[in-house]
Amino acid sequence: MYLIVGLGNPGREYEGTRHNAGFLVVDRLADKLGVSVSTRKFLGFTGSSMLGGEKILLLKPQTYMNASGESVRAAVDYYKLEPEQVIVVYDDISLDVGSVRVRAKGSAGGHNGMKSIIAHLGTVEYPRVRVGIGDKPPGMDLADYVLSHFPKNEREALEPALADAADAVERLIACGVQAAMNRYNKVKKPVSEPSSEGPGEQGTL
């Protein structure tokens, strides 16, 4: 069994924002599998299905980003899952819009949702799929940026990335994390010129 967690903030005001890229990928997976992520459980919305011959539970925590780990831990404890059975999908400002990266483990990278999950699981050794949302413009507040919506040109680049991220989750389950990394950890041309050098910091909400 696998727990597939998409990170985001609940509420209509946050729908489609950069920080909700994880929610968008889980919705894409749910549509592909023909399931609804609407059952209230584990402090979130859930939906179950089969994928790659494995039972999966899709989870969208409703705790707000900073407390995502509470929802994840509740599901992990209920199903007695090992860390490698938890796949987390989330936004990353260090990647250009349209980029997807897969990692077998790693730090939170400044992302507070990931910090919360690491704190509640007590480990960094769980796979994750990162969806690029682009670095913030100079002078813009980071919180304002990650809670903003994508402009039209970035939304056009985001759509195939959401499909890629959903496929990366499928490939990870069916073929293993290395196969998913080999397929998706490639450099993509940015949508627009980078706003600054370096990866910057991740969202704080």
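What are the residues in segment 92-115 that are of a type in the set (A, V, I, L, M) and assigned to a loop (DSSP other than H, G, I, E, B), if any? Hits for segment 92-115 are ILE93, LEU95, VAL97, ALA104, ALA108.
Among the residues of segment 185-204, none qualifies, meaning not one is open to solvent by less than 60 Å² (accessible area, probe 1.4 Å) and either among the acidic types (Asp, Glu) or at pLDDT 95 or above (or both). Taking each residue of segment 148-170 that is in contact (Cβ under 8 Å) with a residue 40 or more places away in the chain and looking for partners that are among the hydroxyl-bearing types (Ser, Thr, Tyr) and surrounded by fewer than 19 Cβ atoms within 10 Å (Cβ to Cβ) with beta-carbon atoms closer than 9 Å, six or more apart or interchain, yields GLU154/SER192.
Looking across segment 119-136, the residues that are part of a loop (DSSP other than H, G, I, E, B) and within 16 Å of LEU95 (Cβ to Cβ) come down to ILE133, GLY134, ASP135, LYS136.
Scanning segment 1-27 for residues being out of contact with any Gly (no Cβ under 9 Å at 6 or more places or on another chain) and assigned to a helix (DSSP H, G or I) gives a total of 2.
Candidates VAL131, VAL146, VAL102, VAL86: the one that is closer than 19 Å to GLU15 by Cα, surrounded by 15 or more Cβ atoms within 10 Å (Cβ to Cβ) and touching a strand residue (DSSP E or B) at 6+ places or on another chain (Cβ under 6 Å) is VAL131. Within segment 140-154, the set of residues being closer than 11 Å to GLY98 by Cβ and at pLDDT below 95 comprises ASN153 only. Is it the case that segment 55-66 has a residue that's open to solvent by 20 Å² or more (accessible area, probe 1.4 Å), under 25 Å from PRO160 (Cα atoms) and at pLDDT 95 or above? Within segment 55-66, one or more residues are open to solvent by 20 Å² or more (accessible area, probe 1.4 Å), under 25 Å from PRO160 (Cα atoms) and at pLDDT 95 or above. Scanning segment 100-150 for residues that are out of contact with any Lys or Arg (no Cβ under 6 Å at 6 or more places or on another chain) and among the β-branched types (Val, Ile, Thr) yields VAL100, VAL102, ILE117, ILE118, THR123, VAL129, VAL131.
Could you tell me whether any residue of segment 70-85 is of a type outside the set (Val, Ile, Thr), under 26 Å from PRO160 (Cβ atoms) and not in a helix (DSSP H, G or I)? For segment 70-85, residues of a type outside the set (Val, Ile, Thr), under 26 Å from PRO160 (Cβ atoms) and not in a helix (DSSP H, G or I): absent. In segment 12-21, is there at least one residue being touching a residue at least 40 places away in the same chain (Cβ under 8 Å) and open to solvent by 60 Å² or more (accessible area, probe 1.4 Å)? No, there is no match, as no residue in segment 12-21 is touching a residue at least 40 places away in the same chain (Cβ under 8 Å) and open to solvent by 60 Å² or more (accessible area, probe 1.4 Å). Residue under question is VAL89, and the condition is that it be within 19 Å of VAL129 (Cα to Cα), in contact with a helix residue (DSSP H, G or I) (Cβ under 8 Å, 6 or more places away or on another chain) and part of a strand (DSSP E or B); does it hold? Considered against the rule, which asks whether it is within 19 Å of VAL129 (Cα to Cα), in contact with a helix residue (DSSP H, G or I) (Cβ under 8 Å, 6 or more places away or on another chain) and part of a strand (DSSP E or B), VAL89 comes out as yes. Contact map, segment 77-99: first residue more than 19 Å from ASN20 (Cβ to Cβ), second residue open to solvent by less than 20 Å² (accessible area, probe 1.4 Å), Cβ cut-off under 6 Å, separation 6 or more or different chains; pairs are LEU81/LEU3; PRO83/TYR126; VAL86/LEU3; VAL86/TYR126. Of everything in segment 30-53 that is within 17 Å of ASN9 (Cβ to Cβ) and aliphatic (A, V, I, L, M), the residue that is most open to solvent (accessible area, probe 1.4 Å) is LEU43.
The values are calculated or read from the model by the stated rules, or taken from the named source; none is laboratory data. Quantities reported herein were computed from a predicted structural model and do not represent experimental measurements. Ideal geometry is used to build each Cβ from the backbone, glycine not excepted, and the neighbour counts take in all protein chains shown. Note: accessible area is taken over every heavy atom of the protein model, side chains too, but ligands, DNA and RNA are not part of it. Shrake-Rupley method; radii C 1.70, N 1.55, O 1.52, S 1.80 Å.
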